[in-house]
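The values are calculated or read from the model by the stated rules, or taken from the named source; none is laboratory data. Since the structure is predicted, the reported quantities are computational estimates derived from the model, not experimental observations. Here the Cβ positions follow ideal geometry from the backbone for every residue, glycine too, while neighbour counts run over all protein chains shown. Note: areas computed on protein heavy atoms with side chains; ligands, DNA, RNA excluded. Shrake-Rupley method; radii C 1.70, N 1.55, O 1.52, S 1.80 Å.
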Amino acid sequence: MKTAKQHVDVMEARIEHYFMPHIKARYQIQIVNDKFDNSFNFFFLYKKGAENTHSIPIRVIKDHDWIYFEQIVRELHHRVNFTLRFTGFQGEIWQSNGCNIPHYM
């Protein structure tokens, strides 16, 4: 099994490929809890001006281990300076502190 750092290395490389700083652009990472496939899906979202939002898949984590997931999210949050948007996590909590997983971080 890959470490959280190795997963984030791959995500960071894929983000760098698509990231082009722009004055009127919005960049986010969307993390989706896919309950049907028992996986976590990570997407790089960007929107420039009046364009539609573009969604680029950057990683799928097939292991639905919540502690491992939290390590990946912490490492990602530490290394990229984008808003993290969580989808499909209603009622789920962080294993480290028992707090609800927010919609945004």
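Step by step: first the residues of region 38-54, then only those that are in contact with a His (Cβ under 9 Å, 6 or more places away or on another chain) and of a type in the set (D, E, K, R), then the one that is farthest from THR87 (Cα to Cα). Which residue is that? Of everything passing the filter in region 38-54, LYS48 is farthest from THR87 (Cα to Cα).
Hey, among the residues in region 80-105 that are within 13 Å of ASN33 (Cβ to Cβ) and of a type in the set (Gly, Ala, Ser), which one's surrounded by the fewest Cβ atoms within 10 Å (Cβ to Cβ)? Applying the filter and picking the extreme gives GLY91. When ALA25 is tested against (1) at pLDDT below 95; (2) open to solvent by 40 Å² or more (accessible area, probe 1.4 Å); (3) in contact with a Phe, Trp or Tyr (Cβ under 8 Å, 6 or more places away or on another chain), just one condition goes unmet, and that condition is (2).
For (1) small (Gly, Ala, Ser); (2) modelled with pLDDT of 95 or more; (3) touching a Leu at 6+ places or on another chain (Cβ under 6 Å), each residue gets a yes or a no:
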site	(1), (2), (3)
THR53	no, no, yes
PRO57	no, yes, no
VAL80	no, no, no
THR83	no, no, no
ILE93	no, no, no
MET105	no, no, yes
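Among the residues of region 50-79, those identified as among the β-branched types (Val, Ile, Thr), open to solvent by less than 50 Å² (accessible area, probe 1.4 Å) and over 10 Å from the mean Cα position of the chain (by Cα) are ILE56, ILE61.
More than 16 Å from the chain's Cα centre (by Cα) and open to solvent by less than 90 Å² (accessible area, probe 1.4 Å): does that describe SER39? Against the criterion (more than 16 Å from the chain's Cα centre (by Cα) and open to solvent by less than 90 Å² (accessible area, probe 1.4 Å)), SER39 does not qualify.
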